[in-house]
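The values are calculated or read from the model by the stated rules, or taken from the named source; none is laboratory data. This structure is a prediction, so every number in the text was calculated from the model and none was measured. Backbone-built Cβ (ideal geometry, glycine too); neighbour counts: all protein chains shown. The accessibility values were calculated without ligands, DNA or RNA, using every heavy atom of the protein model including side chains. Shrake-Rupley method; radii C 1.70, N 1.55, O 1.52, S 1.80 Å.
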Amino acid sequence: MLQAPERHSLFIDNEAIAPASGDSLPVIDPSDGRVFAQIARGAGADVDRAVRAARRAFDGAGTEPAAGLWGRADAAQRGRVLHRWADLVASQRETLATVESRDTGKPLAQARADAVALARYFEFYAGAADKLHGQTIPYRHGYTVLTLREPHGVTGHIIPWNYPMQIFGRSVGAALAAGNACVVKPAEDACLSLLRVAQLGAEAGLPPGALNLVTGLGAEAGQALAEHPGIDHISFTGSPDTGRRVAQAAATHHCPVTLELGGKSPQLVFADADIEAALPVLVGAIVQNAGQTCSAGSRVLIEACVHDRVIGLLAERFAALRAGPAHADLDLGPLVSRRQYQRVRDFLSEAQSGGLRFAAQGVVVGDAPPEGFYQAPVLLADVPPVHRLAQEEIFGPVLAASRFDDEAHAVALANGTPYGLVAGLWTRDGARQLRLARQLRAGQVFVNNYGAGGGVELPFGGVGRSGYGREKGFEALYAFTALKTVALRHD
Ligand code: TXE
């Protein structure tokens, strides 16, 4: 007998709540294309309810339930709640990883790493909560001037489907540590882990309303959140087009926005690099999460004199990569949805019709269900730098390689897309390392590594089409506060 799909509610005021419409949306397992759950289809009325709950937790007064409990909590108290939350996430790592892996299609080991990273975000911001302080500023005689870092109030968070736990951790962890109350709109394609994480937050001691989740469609719940006049700051991770829409909606009520919009991040390989050390990192940076990573190293630029050798070595590794069901825990799982799969297939058709060279391709294992959204990794060589495959974010396991003649050429190619999120640089020449780190147009530059293993502590964000504002590290805490200057005249 077929099992009825599990049903999930919204999470408001620490309670599971049905959406006002009573409607739901199907959740599809990307490994086999089957519906296995239903989520609540939240929309405007539910967002409004969540914003009111958050406002009460932030600065509610009088006899309202949980009035101001989060807004008035000491910084150390907020830190303690986040610490307990980190411990609960760590203790439920396996459950969370299993849920995330099925929902997104990512191999179990990668989902496990995401759960560990989520706990680490909470741990980092737990420790930072009571170390976020202002300054005193030397001013004229007879004055004392100080700055206060104050929470915005109610913050909105629109989360994508590629790393639900990690992106929730970096965004909501920082916002709560800074004293804000949060309303979160997870992605319709993957939100089940976050519903569980929110429950753990309540168990850890978040008062009702401090954290609220409204699941639903982007055009409904997401748009309603961005437009809501009760939101004091919004952070968005997703596509450039939707980011623009969110910023426009937020601008109607002068709401500050942080946008992280992905990239077309290059890795530059010079002839003097330790190429053996670079190879697994070059492959990992595009295969991780099947290339559905904002900071994926989706371009590799190789110095001409070592180009053919590096392409040959990369091709060997690509040919050995295996894609299969998430639970099989291979190099990569399926893409998250049929839509994302189709998007990647369209790019690859364009590569084929444009005569691009497929230097190597991995395999989809034979027992992968045919209804799953599998794409074997592809290495494209000699991609003309102006080609769409070298310019646009594909968000799939497709690495575009091009060659460069000298340093200036390498920088011109690296900086030659509208994006600017991350860049990787492989060279043993110390002066070149510093020179190029300055010249590369990116929010993060990694030298002889890529991604620094996640880097919870390292400020992250882009320039140009990759967005603006910084998340992670202490920078996120600054972003989730408004600075107030107080000037006292006493003489
Ligand atoms: O993104 P969207 P999609 C890129 C990647 C991918 C492409 C399309 O290239 O192939 O975007 O993915 C919510 N108002 N990235 O269509 O639409 C939506 O519900 C408010 C890069 O899934 O940007 C989801 O929660 N919110 C990226 C979130 O926005 C809206 C991660 C992201 O969806 C909305 C994901 C609206 N009008 C995709 N419409 C990264 N930077 O890592 C949608 N949403």
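Secondary structure note: in the range 6-261, about 40% of the DSSP beta bridges are antiparallel. Here the range 6-261 is described by how far its Cα atoms reach on the three principal axes: 72, 40, 38 Å, from widest to narrowest. Per-residue ellipticity at 222 nm computed for the chain from its helices equals -11500 deg cm²/dmol, with DSSP H segments shorter than 4 residues left out and the rest contributing -39,500 (n - 2.57). What fraction of the DSSP beta bridges in the chain is antiparallel, stated in percent and rounded to the nearest 5? Here the antiparallel bridges make up roughly 40 percent for the chain. Placing +1 on the Cβ of every Lys and Arg and -1 on the Cβ of every Asp and Glu, with no other charges, gives the chain a dipole of roughly 840 debye about its Cα centre. Mind jotting down the distance between the C-alpha centroids of the range 191-262 and the range 349-376, whole Å? Centre-to-centre (Cα) distance: 34 Å. Take each peptide in 268-274, 178-184, count the other Cβ atoms within 10 Å of every residue, and average; sorted highest first, the result is 178-184, 268-274. In plain terms, if you count all Cα to Cα distances in the range 356-491 and split them into 5 Å steps from zero, the share in each step is 2, 8, 13, 16, 16, 14, 11, 8, 5, 3, 2, 1, 1, 1, 0, 0, 0 percent. Comparing the range 215-273 with the 2.2 N^0.38 Å rule of thumb, its C-alpha radius of gyration ratio is 1.55 (two decimals). Per atom type, the chain shows carbon and sulfur on 52% of its accessible surface, probed at 1.4 Å.
Rounded to the nearest angstrom and listed largest first, the equivalent-ellipsoid semi-axes of the range 266-455 from its Cα gyration tensor are 27, 17, 16.
Computed as a quarter of the hull surface, the mean projected area of the alpha carbon convex hull for the chain stands at 25.7 nm². Accessible surface area normalised per residue over the chain is 40 Å², counting heavy atoms of protein chains with a 1.4 Å rolling probe. Using the average count of surrounding beta-carbon atoms within 10 Å as a protection proxy, the listed peptides 312-325, 164-177, 203-216 rank, highest first, as 164-177, 203-216, 312-325.
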